[in-house]
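Colleague: Here it is, the structure in full.
What follows draws every value from the coordinates through simple rules; no lab data is involved. Please read these numbers as outputs of a predicted model, since none were measured by experiment. Cβ coordinates were reconstructed from backbone atoms using ideal geometry, including for glycine residues, and neighbour counts include every protein chain displayed.
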Amino acid sequence: MKQTTQWNDHEERDLPGAQPPRRLTFLKFFMRYPIFILGFGPPLFRSAGVDATKGNLDAWSFLQVGMLLAVVAHALLRLAYAESIFMPKQIRLILNLTLVLNFLFLASAAYSPSQFVSAFYAIVDILILVCVAQFIADVYKDPPDWMQCLFQLRSMAFLQLGLVLITLAFKPSSVVVIEPGVGVRLYGGGVAPVALICPLIAIISAYTFLYSLESRSKSSLFFMVGLAGTLITQSRGGEIALIISLALVIAGWAKMNRRTAYIFISGIMAFTLLFGTVVATIGIERIWQIVNRGESAEGIASASGRTDIWKFVIHYCMGHPLGMGYIAGFRILFRSYFSLGSSLKTSHIGNTHNAFMEVLAGAGWPALALYLLIMAMIVFRGMRSVIKPAFSSITFDSAAYHANRCTLALLVCCFAGGMSDADFAVPMRVAFYLQNIIIAIILGISGRMIAVYRSRRSDDLRKVSYGMIP
């Protein structure tokens, strides 16, 4: 007989207690948690982009949809045949608000210039939410080795980088952009977003190096690969995101004890002296030319023309508070009513180049406010789990503790990268998938820690009632 699924808020009796997490092989891990498969994209080997608003699709588009549907089908089957599903109220609230946001996107199809495209992307958003919810429910019953989740995420990013380099040898136009005055920029195209996966590799490797979670030589090698890849992209967004995230990782490490604080302060002093020596030797003007890559001060101030796009979105949404229509609205209205007045053709701009502006353009001010609230709640829950009393008892899970802190740094990297790249808010993009995987890990760890804390408190109360604890 088919078992019915029950959603429980207080089902601590099912908590697997001290059951050790299983370390899986690479293939078994992705079969066990297929949401990670979405992080591959899949890679798209196309020379030019497609435009769904014009009905311009190709075989790669159907491959994207087919891969997503396969992962969603697996998630739905596991949810349907689960005997019971645990979901703490705090986590369910975040998922419910995300569902409301998705319905706002779906409702925006009513006034979108391309209703079918807006509705399609909104439905894809809902399907991704199903995968995230299934992962969170799954890891409660059978928690993984949380650090293995990050290691597999790094391995996946490393494989994507290798695929980009292979494509560079055979079809460079798909992954490289050549700009006058800047040179070659290894963006990765549809194969993989190098400006995101390389900072991801570097952040995870830096964290594991500082906390000695793996071989120092291995983490150093991965860090250098991630750092080199980030610099090759010549993307300020990726570089700034990496710097901010590394600063958070190093600052957190420096607070461990007095010795690490001394090392941190000594490192800052040494870096300051070295930087002063380089400036005195090379000259500040030559250093500035390297940093700005030949771009004028006006271009830097306007974020390479992005501020003009953002002004257009804000001005439009002041008169239309519900936005333009999810994804499709900006693509069509921007081409029809706006021109940058530069050599860049508006037909080549498919999004707002800002994840938050993309949400605003899609469903207006209510959607942006809800999106910011959801992200703030996710960060709060992640930080709350780091300092939760459950970590200070015999139930301490060092893998969950370190994975949570490192994943929060990765999420900050996504936020910083989202200031200059809208792909984090555009479904079926690798950046969108990776950010959702990072969020799923944070919420999965948070839900697990809430359950552990409740279980321990219940045990303590029972002991007090029986007189075992005075």
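Colleague: Using C-alpha positions alone, give me the convex hull volume of region 64-172 per residue in cubic angstrom.
Modeller: 145
Colleague: Counting only C-alpha contacts under 8 Å and six or more residues apart, can you give the relative contact order of region 100-159 as a whole percent? Each step should come with its number before you reach the end.
Modeller: Numbers: 21 pairs, mean separation 13.7, N = 60.
It rounds to 23 percent for region 100-159.
Colleague: Right, here's the next one. Out of region 181-272, which trypsin sites (Lys or Arg not before Pro) are coil in DSSP terms and have no more than 16 other C-beta atoms within 10 Å?
Modeller: Those that pass, being in a loop and sparsely packed, are LYS255.
Colleague: While we're looking at this one, here's another question. Report, please, the projected area of region 166-274 averaged over directions, based on the convex hull of its C-alpha atoms, in nm².
Modeller: So the Cα hull casts an average projection of 8.4 nm².
Colleague: Taking the mean number of other Cβ atoms within 10 Å as a proxy for protection, how do you rank 373-383, 164-174 from highest to lowest?
Modeller: Packing proxy ranking, top to bottom: 373-383, 164-174.
Colleague: What shape does region 93-148 take by its C-alpha gyration tensor, where a ≥ b ≥ c are the square roots of the eigenvalues and a/c under 1.5 counts as rounded, a/b above b/c as prolate, and the rest as oblate?
Modeller: It comes out prolate by the Cα gyration axes.
Colleague: Any idea what the dipole of region 158-242 comes to, in debye rounded to 20, about its Cα centre with Lys/Arg Cβ at +1 and Asp/Glu Cβ at -1? Kindly include the intermediate steps, with their values, before the conclusion.
Modeller: Working: 5 positive and 3 negative charges, 16 e Å.
So the magnitude is around 80 debye.
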